[in-house]
Amino acid sequence: MSTEPKPTSPIKTIGPGSKVGLIGLGLMGKPMGHNLLKAGFQLHVWNRTPSRADSLVAVGAKLENSPRDVAVASDVLLTIVSDPPALEEVLWGRPGKDTGALAALRPGSLYIDSSTVSPALARTVAAACAERRVAFLDAPVTGGTWGAEKGELVFMVGGQPEVLKAAEPVLSVLGKRWFHLGPNGAGQTIKLAMNLILALQVDALAEALALVTAAGLEGQKLVEVMQSSMARAAVLDVKAPLLLKGEYPPSFPLRLMHKDMGLALDLARETGVALPAGAAAFATYSAVKAKAQEDLDYAAVMKFWQR
């Protein structure tokens with residue numbers, strides 16, 4: 001039986017015209033904001049770099065001065081930031097500065113975090129929200145920037161079923177599917193496991209391409225055979241062309257995949273599970289990240305064999 005705390009205030013009904021706060025306007029957040037505006041939501045935004053809000057402000061969003069101001073203005077708060085420290089700063093503010101969003105959330109409001117962080121942090125946020133009688137979901141996303149632009153994201157959700165039901169008018173604007181996976185923290189657990197698989201798949205393809213080319217064959221020949229065999233995978237449809245061309249524009253940045261792999265390994269240590277393949281791949285990604293001079297896609301793991 002779940003011991004997850006339940007909010008004691010009724011959740012406010014959400015629909016077009018409701019006030020949605022969005023914190024984090026990166027590769028995924030900005031197109032999510034545009035979809036919310038198109039659906040008729042009133043949008044209040046904040047980003048560490050204010051200029052990233054320009055295209056949203058131009059079509060009706062209001063740029064706020066702090067995360068706290070966004071929370072004050074919102075019936076629903078949505079965050080999608082880069083890592084656990086960024087989320088903690090958004091929610092609790094910096095020491096001595098009253099800028100955090102968490103303390104400004106009203107009883108009966110709804111908070112959805114679509115960042116990728118640790119399950120432990122998601123549970124900490126859930127407990128803090130329950131104290132304020134705020135409904136909370138951890139709902140990290142997948143689908144890439146193309147999915148964010150088209151409203152075709154997939155949400156992995158941890159939280160109470162009734163909270164997810166209340167959030168559906170927002171999620172349906174942003175995504176094509178959402179999965180209720182268990183109590184708070186479950187969404188983050190599944191997201192970390194899934195990203196670990198994606199990282200391993202791309203790392204395995206990079207290794208195989210290195211082997212094939214070292215033997216004097218064209219890497220494209222390997223990819224052609226894979227696409228007609230059991231080795232075919234959807235992620236390779238997207239990443240194989242990048243590896244073959246040696247071009248890595250960041251649709252999913254290496255720095256974020258590296259962060260997610262680190263969180264997965266942290267969770268493995270907490271649960272006592274050995275991840276030997278994950279640990280080996282993490283070392284490879286770490287070596288590439290340490291030498292990167294620009295923001296690259298995680299397919300740039302191929303650079304490990306191109307020294």
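Details
- The packing ranking of peptides 82-90, 154-162, highest mean first, is 154-162, 82-90, where packing means the average number of other beta carbon atoms within 10 angstrom of each residue.
- Long-range amide H partners of ASP75 with built H, under 5 Å: LYS19, VAL20, GLY21
- Each of GLY151, LEU243, GLY96 was placed along the dipole of the chain (beta-carbon charges, centred on the mean Cα), and the one lying farthest toward the positive end is GLY96.
- Sorted peptide list for 290-301, 202-213, criterion being average Cβ within 10 angstrom, highest first: 202-213, 290-301
- Given LYS97/LYS191; LYS62/LYS289; LYS97/LYS259; LYS19/LYS191, the pairs whose alpha carbons are separated by over 30 Å: LYS97/LYS191; LYS62/LYS289
- 13 Å beta-carbon shell around ASP75, net charge (K/R +1, D/E -1): +3
- The relative contact order of the chain, computed from alpha carbon pairs under 8 Å that lie at least 6 residues apart in sequence, is 15 percent.
- About the centre of its Cα atoms, the chain shows a dipole size close to 340 debye [charges on the beta carbon of Lys, Arg (+1) and Asp, Glu (-1) only; nearest 20 debye].
- For the stretch 163-205, no residue has its backbone nitrogen under 14 Å from a point 7 Å from the Cα of GLN227, taken along Cα to Cβ.
- Using a cutoff of 8 angstrom between alpha carbon atoms and counting only pairs six or more residues apart, the relative contact order for the stretch 1-104 works out to 28 percent.
- Shape category assigned to the stretch 13-108 from the gyration tensor of Cα positions, a/c cut at 1.5: oblate
- Taking 0.36 nm per residue of sequence separation and removing the Cα-Cα distance, the SER55/MET194 pair yields an extension gain of 46.9 nm.
- The chain: angle of helix 254-271 to the longest principal axis, Cα-based, in degrees nearest 10: 80 degrees
- Were the residues from VAL273 through GLU131 laid out at 0.36 nm apart, the gain over their Cα-Cα distance would be 47.9 nm.
- Local charge for ALA233 was computed over the other residues whose Cβ lies under 15 Å away, with Lys and Arg +1 and Asp and Glu -1, and equals -2.
- Within the chain, helix-based [θ] at 222 nm, where runs of 4 or more DSSP H residues each add -39,500 (n - 2.57), nearest 500: -15000 deg cm²/dmol
- Each residue of the stretch 129-145 is assigned a 3J(HN,Hα), and the resulting list reads 5, 4, 4, 9, 6, 10, 7, 9, 10, 8, 9, x, 10, 9, x, x, 5 Hz, derived from the Karplus form 6.51 cos²θ - 1.76 cosθ + 1.60 (θ = phi - 60°), x at Gly and Pro.
- Among the listed options (i) 6, 26, 32, 22, 11, 3, 0; (ii) 6, 29, 36, 21, 6, 1, 0; (iii) 6, 24, 28, 18, 13, 8, 2, 0, the one matching P(r) over Cα pairs in 10 Å bins from 0, in percent as calculated from these coordinates is (i).
- Proximal charge balance of LYS30 [Cβ under 14 Å; K/R count +1, D/E count -1]: +2
- Using θ = phi - 60° in the Karplus curve 6.51 cos²θ - 1.76 cosθ + 1.60, the 3J(HN,Hα) couplings for the stretch 285-293 round to 4, 4, 5, 5, 4, 5, 9, 5, 9 Hz; x is entered for Gly and Pro.
- Whole-Hz couplings from phi, Karplus 6.51/-1.76/1.60, listed for the stretch 50-64; x for Gly and Pro: x, 4, 5, 8, 4, 5, 6, 4, 5, 10, x, 6, 10, 7, 9
- Relative contact order of the stretch 11-53, defined on C-alpha pairs under 8 angstrom at six or more residues apart (%): 45 percent
- Sequence-distant residues sharing a close amide H with GLY175 (under 5 Å, placed H): LEU153
- The H on the amide N of LEU296, modeled in the peptide plane, is under 5 Å from the matching H of LEU254, ARG255, each at least 5 residues off or on a different chain.
- Shape call, the stretch 202-307: gyration tensor on alpha carbons, a/c limit 1.5: prolate
- Theoretical gain in end-to-end length, ALA290 to GLU162 [0.36 nm per residue, Cα-Cα removed]: 41.7 nm
- For the stretch 47-89, the residues whose amide N sits under 15 Å from a probe point set 7 Å from the Cα of ALA103 along the beta carbon direction are 66-72, 89.
Readers should treat all values here as calculations from the given coordinates under stated rules, not as data from a laboratory. Predicted model only: the values in this text are computed from it and were never measured. All Cβ positions, even for glycine, are placed from backbone atoms using ideal geometry, and neighbour counts span all protein chains on display.
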